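The values are calculated or read from the model by the stated rules, or taken from the named source; none is laboratory data. All values derive from a computational prediction rather than experimental measurement. Heads up, the Cβs are rebuilt from the backbone with ideal geometry, glycines too, and the neighbour counts pull from every protein chain shown.
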Amino acid sequence: MAFDVHQWERYDDVKYVNDVTSPMQKKLTISIDEAVYEALHRKIGRGRISRFLEDLARPYVIPADMDAAYQQMAQDEEREQAAMEWAEGLVGDVSDEPR
């Protein structure tokens, strides 16, 4: 099975990238053994590999209390409103710039 970059991009797990409730997603390119690659596609399925690998790695690289802290911050409606107003204000600043 030959590796086709364009085929991989079509099947990338983009539903998590567009989920506004999740943190910003970054694309990562890794090299793995061909047998592992094929097994991931066979057992996990296209479009679900990114999430599978993230779920495996998360406990090793992100402390559990950090996830809880982010969730708590997101539930603070006053803080979220202030952040939204600040972000919207930035858009206004840019629109006043000469072109």
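Cβ separations smaller than 9 Å between residues 6+ apart or across chains give the following pairs from segment 51-65 residues that are under 13 Å from Leu28 (Cβ atoms) to residues that are exposed (fewer than 10 other Cβ atoms within 10 Å of the Cβ): Leu53/Leu28; Leu53/Ile30. Restricting Arg58, Arg46 to those that are charged (D, E, K, R) and touching a Phe, Trp or Tyr at 6+ places or on another chain (Cβ under 7 Å) reduces the list to Arg46.
Residue under question is Asp13, and the condition is that it be assigned to a helix (DSSP H, G or I), at pLDDT below 85 and surrounded by 11 or more Cβ atoms within 10 Å (Cβ to Cβ); does it hold? No; evaluated as a whole, the condition is false for this residue. Only one of the listed residues (Ala87, Ala69) is surrounded by 10 or more Cβ atoms within 10 Å (Cβ to Cβ) and in a helix (DSSP H, G or I). That residue is Ala69. Just to verify a result, which residue in segment 16-53, among those that are under 21 Å from Ala74 (Cα atoms) and surrounded by 13 or more Cβ atoms within 10 Å (Cβ to Cβ), is modelled with the highest pLDDT? Filtering segment 16-53 for residues that are under 21 Å from Ala74 (Cα atoms) and surrounded by 13 or more Cβ atoms within 10 Å (Cβ to Cβ), the one modelled with the highest pLDDT comes out as Gln25.
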